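Colleague: Below is one structure. I have some questions about it.
No lab work stands behind these numbers, since they all come straight from the coordinates. Remember, it's a predicted structure, so these values are computed and weren't measured experimentally. Cβ sites come from the backbone with ideal geometry, for glycine too, and all protein chains shown count toward neighbours.
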Amino acid sequence: MEFRWYNPRTWGFFGYTDPTTGDYVEVDMEIGGKRTKSGVTVTTKTALSISMVWSCVKILSESLSGLPLKLFDDSADGRKLVSGDDRSLKLLRKPNPYMTMLNFLKFVVVNMALRGNAFALIERNRNGEPIGLVPLDCNTVTIDTDEDMIYWVTPKDGDRFPVSPENMLHFKLFSLDGVVGLSPIEYQAETMGLAKAGQQWSSRFMRKGGFTGGYVIYENFLTKAQQAQVMEKFPDVRKGDVDDIGKMAILQGNPKIVPAGLSQRDAQFIESQQFQEEALAGIYGVPLWLANRAGKTSIMGSNLEQQLIGFITFGLKPYIDVVEDELNDKIYRKYSRFVEFTVEGLQRADSAGRATLFAAALGGSGGSGWMSINEVRRKENLPPLDGPEYDRVTRWEMPTNVKD
């Protein structure tokens, strides 16, 4: 497999590992960013430095990438799972020589969650069959819709080249024009900037030992000599470090020290931070308890199950639908095949929940089942059992009275 434009040195996503020295080199992915009213410039790095944004993006990317991605053949006899050494399965396991599908899906979700778009070049052989998926930095891709839609890719070390839509995977959640996805960082910059400003203010507050600054007021005007004497004796706390806390100054002339600004308590800092975390969690559709913020959320009993279902339905499923739709449209559209995530993979850690589900599916407690024993074993990655009775679905029928 040849990758003409796949060069880890050209990536602008957080950084890259220098293949010569083995050292990690951080790359400034975005220049400028968006300036907010809180005074913070929000970029991808700035957003990820906010703990709630990091938690939400991490949960979404790891949850989706950990789901089994299955390939099915939609034949006349119904859908059948494609298995064995099929060439299409190799692409789903290893989309390129540098990534597994797990890491590729993480790349897709992280870029969608932060930038609203994720791009990957489809490499095809001479027969037009897809043989590789090359992730692209969003900053290197532009979309031209003047006539026919075309993607222009501009590598850092190379000439710009066009890519037709059928050879470009473009993942996006939602957009205004149906072409370019909306960036959460752009449209929610004020919310993220306020959270980052609060984080920075808290750090400076702790660094200064809780001192917010103030004024030294004298009853009378000071002469220049007195002013110089005061500035020499009085330490400038604003420039002081934690090591300066506890130092004393001796002042003469009956001065009064008046603090300036608001304390964290007066500014309701904790409440403000909690509100920002709730707002950010709402942007990404991630429940607070998943991000380890369970102070206002009950996670006892069936409530946890319902919240998990809500997260899958409203938080994770939009990403699942986008990935499935784009892969099926660009890669498997010409074939009678399609890919689908197995959402039940999120229940792997819940043995009791899986046991209850499969018991009902097999027709337990005298009910009518909808799965056979071998179907359940396949879902649990177990080999099938020999015998027709293991492929039979339990049916329950209402007994009828027979008149003599």
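Colleague: Taking the simple approach of a point 7 Å from Cα along Cα-to-Cβ for both Lys94 and Glu190, what is their distance in nm?
Modeller: For the pair Lys94/Glu190, the computed spacing is 5.0 nm.
Colleague: Continuing with this model, one more query. Using R₀ = 35 Å, calculate the FRET efficiency as 1/(1 + (r/R₀)^6) where r is the Cβ-Cβ separation of Asn139 and Ala228; round to 0.05.
Modeller: 0.05
Colleague: In nm, give the distance between the simple-model label positions of Lys334 and Asn125, each being 7 Å from the Cα along the Cα-to-Cβ direction.
Modeller: Each label point lies 7 Å from its Cα, and together they span 1.3 nm.
Colleague: Quick check: from the Cα gyration tensor, does region 71-167 come out rounded (a/c under 1.5), prolate or oblate?
Modeller: Judged from the Cα gyration tensor, region 71-167 comes out prolate (a/c at least 1.5, a/b above b/c).
Colleague: Also, quick follow-up: Run a plain Debye calculation on region 30-127 (Cα atoms as equal point scatterers, no solvent) and give log10 I(q)/I(0) at q = 0.23 Å⁻¹, rounded to two decimals, same order as the q list.
Modeller: For the requested q values the scattering log ratios are -1.24.
Colleague: Please list, in order along region 165-175, the HN-Hα scalar couplings obtained from phi with the Karplus expression 6.51 cos²θ - 1.76 cosθ + 1.60 (θ = phi - 60°), rounded to whole Hz, x for Gly and Pro.
Modeller: x, 6, 10, 10, 7, 10, 9, 8, 7, 8, 8
Colleague: Suppose the chain between Val393 and Asp325 were pulled fully straight at 0.36 nm per residue; how much longer would it get relative to their current alpha carbon spacing?
Modeller: Going from the current span to full extension adds 21.3 nm.
Colleague: Mind sorting Val339, Val53, Val134 by how few other Cβ atoms lie within 10 Å of their own Cβ, fewest first? It would help to have the intermediate numbers written out before the result.
Modeller: Details: Val339 18, Val53 28, Val134 21.
With the sparsest Cβ surroundings first, the list reads Val339, Val134, Val53.
Colleague: While we're here: Roughly what would the spin-label model give for Asn292 and Arg377, points 7 Å off Cα along C-beta, in nm?
Modeller: Those two pseudo-labels are separated by 4.1 nm.
Colleague: Fewest to most neighbouring Cβ within 10 Å: what's the order for Cys138, Cys56?
Modeller: Numbers: Cys138 21, Cys56 24.
Result, fewest neighbours first: Cys138, Cys56.
Colleague: Which order results if Thr154, Thr394 are arranged by neighbouring Cβ count within 10 Å, fewest first?
Modeller: The fewest-first ordering by Cβ neighbours comes to Thr154, Thr394.
Colleague: For Asp157 and Ile217 in the same chain, what is the full-extension length gain: residue separation times 0.36 nm, less their Cα-Cα distance, in nm?
Modeller: Taking Asp157 through Ile217 to full extension adds about 15.5 nm, to one decimal.
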